[in-house]
Amino acid sequence: MIRVAVAGAGAFGREHARVYFESEAAQLVAVCDIDESRGRPLAERFGAAFVTDHRELIGLADAVSVAVPTESHAAIATDLLNAGIAVLVEKPIARSLDEADRIIDAATRSGAVLQVGHLERFNPAVTAAARIATHPRFFEAHRLSIFTPRSLDIDVVMDLMIHDLDVVLSLVNSEVVEVRAAGVPILTPKIDIANARIEFANGSIANLTASRVSAERVRRLRFFQPGQYVSIDYAVQEAAIVSVQPRPDGRPEFESRVLPVESAEPLRVEIEAFLAAAAGGPIRVSGAEGRRALALAIDVTEKIREHAARVGVPLAG
């Protein structure tokens, strides 16, 4: 049994705690939060200790989920990693590349496991589609959410679009050569709606849209590769493929089929992978991969700010 703890008792932290409590491979020993009124009830719910300082987890836990606001990721993750504790840090890995490097360096020096919580990588529909991905040439993603007061410390690129940025990066084995982007604030001073066009050195193109002020919840990604079109619905965990084959008379023949997907809760799959890595197995989403997604998200954000400045749209810093 791996002794685990959760730092952060907000919406994500509560879910991490629940999955750990239900896991047969882990023992939830502690919950940490600076707000006792929020953290202590969660700890008591699962029979775990409650602490207000993450450093109190050193010696108490072997692995920790860091589900605090992004601005605190680097400080908490580096302290835990330096102590040799395995860390699962929620996305984005950090606020800046310098902070991401601090986290990665701490893991490298101590040899502790570092996994980044890019949840959609563990979505069974993404896993199924990744198996048949050959050379994706064009991506189109729509990630739309109904507005909530959660995660307003970051903009929609870091909150939502980064999921699709990470998935696309995992499917395209090529460097980014150009980023174009635009976005606007609607209900907050930060970017609430964003669109990005990303071109890779191998010619692949990704067109991504994210909004946190939609009237409906949409989570879809499509990609096209030679002779095939693949669609992913993250929300219902479905993936399908349409293949085009030439008939003897030269006319195209279309074959459509649903990919086999074994439905599962992505967070549970993610945490199971983290626990397996903490026990000596491979790391599914490394610190370097988390940094790469963050770098692209920062690039997209900078392009949005440049566009906003040109057209006179004010954005919060």
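The values are calculated or read from the model by the stated rules, or taken from the named source; none is laboratory data. Remember, predicted model here, so these are calculated numbers, not experimental data. Cβ coordinates were reconstructed from backbone atoms using ideal geometry, including for glycine residues, and neighbour counts include every protein chain displayed.
Taken over the range 234-251, the criterion of being loosely packed, with under 13 Cβ neighbours inside 10 Å and either in contact with a Gly (Cβ under 9 Å, 6 or more places away or on another chain) or not assigned by TED's automatic domain parsing to the domain that holds His142 (or both) is satisfied by Val244, Gln245. Every condition in (1) surrounded by 14 or more Cβ atoms within 10 Å (Cβ to Cβ); (2) under 24 Å from the mean Cα position of the chain (by Cα); (3) farther than 21 Å from Leu221 by Cβ is met by Gly280 except one, and the failing one is (1). Can we say Ile146 is touching a Pro at 6+ places or on another chain (Cβ under 8 Å), modelled with pLDDT under 95 and surrounded by fewer than 24 Cβ atoms within 10 Å (Cβ to Cβ)? In short, no. Within the option set Gln237, Gln225, Gln245, being modelled with pLDDT of 95 or more and more than 17 Å from Arg143 (Cα to Cα) holds for one residue only, Gln225.
Only one of the numbered conditions (1) under 22 Å from Arg305 (Cβ atoms); (2) outside any loop (DSSP other than H, G, I, E, B) is violated by Phe147, and that is (2). Looking for something touching a helix residue (DSSP H, G or I) at 6+ places or on another chain (Cβ under 9 Å), at pLDDT below 95 and surrounded by fewer than 19 Cβ atoms within 10 Å (Cβ to Cβ) - is there at least one such residue anywhere in the range 152-165? Yes. Within the range 183-204, the residues that satisfy the criterion of being farther than 24 Å from Pro136 by Cα, touching a helix residue (DSSP H, G or I) at 6+ places or on another chain (Cβ under 9 Å) and among the aliphatic types (A, V, I, L, M) are Val184, Ile191, Ile193. Restricting attention to the range 203-228, the residues that are farther than 15 Å from Leu144 by Cβ and not in a strand (DSSP E or B) add up to 4.
Looking only at residues of the range 257-272 that are closer than 12 Å to His118 by Cα and not charged (D, E, K, R), we find that the one that is surrounded by the fewest Cβ atoms within 10 Å (Cβ to Cβ) is Leu267. Selection of strands (runs of 3 or more DSSP E) fully inside the range 1-101 by the criterion of at least 3 residues being at pLDDT 95 or above and crowded, with 18+ Cβ neighbours inside 10 Å returns 2-7, 26-32, 63-66, 86-90.
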